[in-house]
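Here the structure comes first, spelled out in structure tokens, and everything after it is commentary.
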Amino acid sequence: MKKKVRIIFHKKVESFILNLQERDRNKIFQVLTIVEERNLKVSSEWLKKVTENLWELRVKNFRFLGSIEDDIFTIWNGFTKKSMRIPKKEIELATKRMKEGIR
């Protein structure tokens, strides 16, 4: 039987979420719970591969970029999306944090 996936956050992402309005935080944690329970097997509306190593998790107008390794989904960056494309600087920041490996 496959292990249940765990979601962990970079400390800056955790701070980003905690500084949001309560209803937004609740929605984010609701989606994260569903993603965990379904072992990342969710609609591409919520989870989509962005680069070879990065995945985008979408919750309302918030975006989270993370990597999946074994049974751990590490979220390296979180931001409010304001345009159709993911800003290059957000991908670069997530990639930098991922390479540093500091949560």
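The values are calculated or read from the model by the stated rules, or taken from the named source; none is laboratory data. Worth saying up front: this structure is predicted, and the values here are computed from it rather than measured. Quick reminder, even Gly has a Cβ in these numbers, built from the backbone with ideal geometry, and neighbours come from all protein chains shown.
Taking region 63-103 as the range and being over 22 Å from Lys41 (Cα atoms), touching a residue at least 12 places away in the same chain (Cβ under 8 Å) and among the hydroxyl-bearing types (Ser, Thr, Tyr) as the test, the residues that pass are Thr80, Thr95. Candidates are the residues of region 1-53 that are exposed (fewer than 14 other Cβ atoms within 10 Å of the Cβ) and hydrophobic (A, V, I, L, M, F, W, C); the one that is farthest from Gly101 (Cα to Cα) is Met1.
Yes/no per residue for (1) modelled with pLDDT under 95; (2) part of a helix (DSSP H, G or I); (3) under 11 Å from the mean Cα position of the chain (by Cα):
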| site | (1), (2), (3) |
| --- | --- |
| Arg23 | no, yes, no |
| Ile28 | no, yes, yes |
| Val31 | yes, yes, yes |
| Ile34 | yes, yes, no |
| Val42 | yes, no, no |
| Lys48 | yes, no, yes |
| Asn53 | yes, no, no |
| Arg63 | no, no, yes |
| Ile75 | no, no, yes |
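Going by the structure shown, is Leu57 surrounded by fewer than 19 Cβ atoms within 10 Å (Cβ to Cβ) and either modelled with pLDDT of 90 or more or of a type in the set (A, V, I, L, M) (or both)? No. Just one of the numbered conditions (1) outside any loop (DSSP other than H, G, I, E, B); (2) touching a residue at least 60 places away in the same chain (Cβ under 8 Å) is not true of Ser15: (2).
Total residues in region 49-62 satisfying the condition of being without any contact (Cβ under 8 Å) to a residue 40 or more places away in the chain and within 24 Å of Arg23 (Cβ to Cβ): the figure is 6.
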